[in-house]
Amino acid sequence: MKMIVPAYYLLRSAWALVFGFLVGGAVAAADEGMFPVSEIGRLDLRARGLELSAEDIFNADRPCLIDAICRVNGCTGAFVSPEGLLITNHHCAYGAIQTLSNPEHDYLANGFLACHRGEELPAPGYTVRITESFEDVSAKVLSVVTPNMNFAERTRAIQRQQRALEQEAETRYPGRRAEVAEMFVGERYVLFVYVNVKDVRLVFAPPSSIGNFGGDIDNWEWPRHTGDFSFMRAYVAPDGSPAEYSTENVPFRPKRYLPVNPRGTQENDVVMLLGYPGRTARHNTASFLSYEEKVRLPFIVESYAWQIANLQRAGAGDRAVELKLASRIKSLANTEKRSRGQLQGLQRLRFAERRAAEERDLQAFIDADPQRREKYGRLFDEIGAVYAEMSQRAPVELGLRQLIAASPMMGLAHFLVEAVHERQKPTVERERGFGDNVFAQTRERFVLSQKDFHPPSDREALAYTLQGLSRVPGDLLPRRLREIVASAESIHQLLDDVYQSSEIHRVEFVDQTIALKPEQLKEIRDPFVRLALDLYPDLLEMRERDKEREGRLNRAYGDLFAVKREFYTQTSGRILVPDANGTLRLTIGRVEGYRPADAIYKAPFTTVRGLLAKSTGHEPFAAPSRVAELYAARDFGTYQKDDLQDVPVAMLYSTDTTGGNSGSPVINARGELVGVNFDRTFEATINDFAWDHGYSRSIGVDIRFVLWITEKVYGAAHLIEEMGVNRD
Ligand code: ASP
């Protein structure tokens, strides 16, 4: 990896929020902090228990640990062999496993193992990215903002400049993918350049009875007994350049891969994770937290629970339909339960109130100095006004978003309309996903979704959303939508029309429509596209409002970071770490249990014995019989944890993670792979708003279980050998 420009802000040690959570002021053995790559050199890694230097993890001039870490769609993965073999979660490979499954070849139910390279199956829609370089471009991004711009113009100017910088970088580094990430809203922007591998294949996925053991019941819970791992392989053209799938392609040779330590880890060991955490909102204001608690999360919980039930009903008794809908159900259920955890945490811990108290201190600091007061005095009011307006308009805005999200067919129709309009603009002016460099990938994602269309449940979802919108006060509803939802009959008639004669399920229709000009699109007869076209002005109006808000928040949060830094420097010495934003981060913690409630202690390892005790023989608790047989014979190979006299299944540790860290390698103090991260505990769902040592625990599958399942249960000794695992 190459670092182009030095780090941009200082982090020596991080801080721990002491909330006096249920444990009552636990002593922090780990720290909050998803540290950007640029900051690794500034951390005292020895003091944190690592036996690695910063250069071992990140080095501009020679291979380093970071070269072994990749992003696998929205998840993380790690290379474990010189031949592009990578490990990630079963739930991260789930989309591929589902797409490749049918009732005859049911890889979700039975698992999949390629016995040699020729049997590895292309994973449609999957890409693997490796961070190659980064550069601070804050000054360039913000240089386009002028004082007389209105807020929507400000947002547009920043976005245009981000795209332009990405385009320039992709010209400078041919074959690479570039992205400008917002590290601190309105303040810090970093350009990341990625190697983007486009041929990814499935190598080994255990059956769901291992990879998804416990299903949604156990998801976000501890104790856990899920073998949530899969192996994939990245392929490139024979000359080493990224290329679409071809039989000519050869395994990608990463600059570095992780050695696997089959001895795993022990309680209290230091562990670190490298990965691509998605989104956190730790710096957002109390007014934002209230919006989440009172408005958005309750809406999501209710809507997603309904959608899950709808899809489950549709798949009951028909395995082909069940397979089509499996991936969506899983992802909806994941978000629904996480949102429930967050809602409960926000309410129980009174987060908004706590943050408001912190803000009062900051306000007092601002008010104490006339200049500061002049500049920042109304900051919280300005931010609060944006969230108040969002709350007021939420019934219609959340409903409109759901219209596209809950019905994949409507989602595709909207995409077609948007593609036709966006592609009229110069590429840097377009919305994300529509630029010339990424459009093919966006199209592929939508075309792949066609395979899983299921019109009856899709219709139910659209009806549910429209009925919900019909209850919104009329003055909030935009014009066309108001007509559509005017009566139960009008909704019904529309749905009859739309689902009877649309061609939206045909790939050729998609490509023909994308190629149209806006004037030609107006002539189109397809009822689904017509509906999307009808609603497009309403959606554009909402987007314009979003841009206006984003511009306001961009300026206000930029100011908030500036004054917060001043405040911390003069008071606690606390340091600002940027929120997760899908870019590469390091987090360090320990293998340790926790106390979620009075008199309850949760220990950090689970075992095969525990897995079998939980196994009822009924999904999702139906461990394969081979697991019980090997356990009865105590055939643990070299993977036993001696103090447990068993193979450890999952483990708990105090790192700082969020969604996107799924599949992150759990690495020991010497840089060896000891597990694969896949979840957090229920209490830790609130992590996205504030980390705390008392409740923030991540969950990983223990490497010993991974190896035991791979070698002993499914006989994939060739993979164990490829990884060079020492079995003595
Ligand atoms: N299981 C989680 C997810 O997929 C990972 C996490 O959020 O910690 O979202």
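Quick note: the coordinates plus some simple rules give every number you see, no bench work behind them. Not measured: the values here are computed from a predicted model. Please note: Cβ atoms are built from the backbone with ideal geometry, for glycine as well, and neighbour counts cover all protein chains shown.
Just a few scattered comments:
- The range 509-603: C-alpha gyration tensor shape, a/c 1.5 cut-off, then a/b vs b/c: prolate
- Prolate/oblate/rounded call for the range 570-728, Cα gyration tensor, a/c under 1.5 rounded: prolate
- Mean ellipticity per residue at 222 nm, deg cm²/dmol - from DSSP H runs of n ≥ 4 across the chain, formula -39500 (n - 2.57): -13000 deg cm²/dmol
- Taken as Cα centroids, the range 675-728 and the range 279-349 sit 24 Å apart, rounded to the nearest whole angstrom.
- Amide H contacts under 5 Å for residue 275: 585, restricted to partners 5 or more places along the chain or on a different chain, H placed in the peptide plane at 1.01 Å from N.
- Cβ-defined net charge surrounding residue 83, 10 Å radius [Lys, Arg +1; Asp, Glu -1]: +2
- Relative to one another, the C-alpha centroids of the range 79-125 and the range 566-631 are positioned 25 Å apart.
- DSSP-defined beta bridges in the chain - what % are antiparallel, rounded to 5: 95 percent
- Shape of the chain, Cα gyration tensor, a/c cut at 1.5: rounded
- By the beta carbon rule, with partners counted only under 4.7 Å, the chain holds these lone Cys residues: 64, 70, 115.
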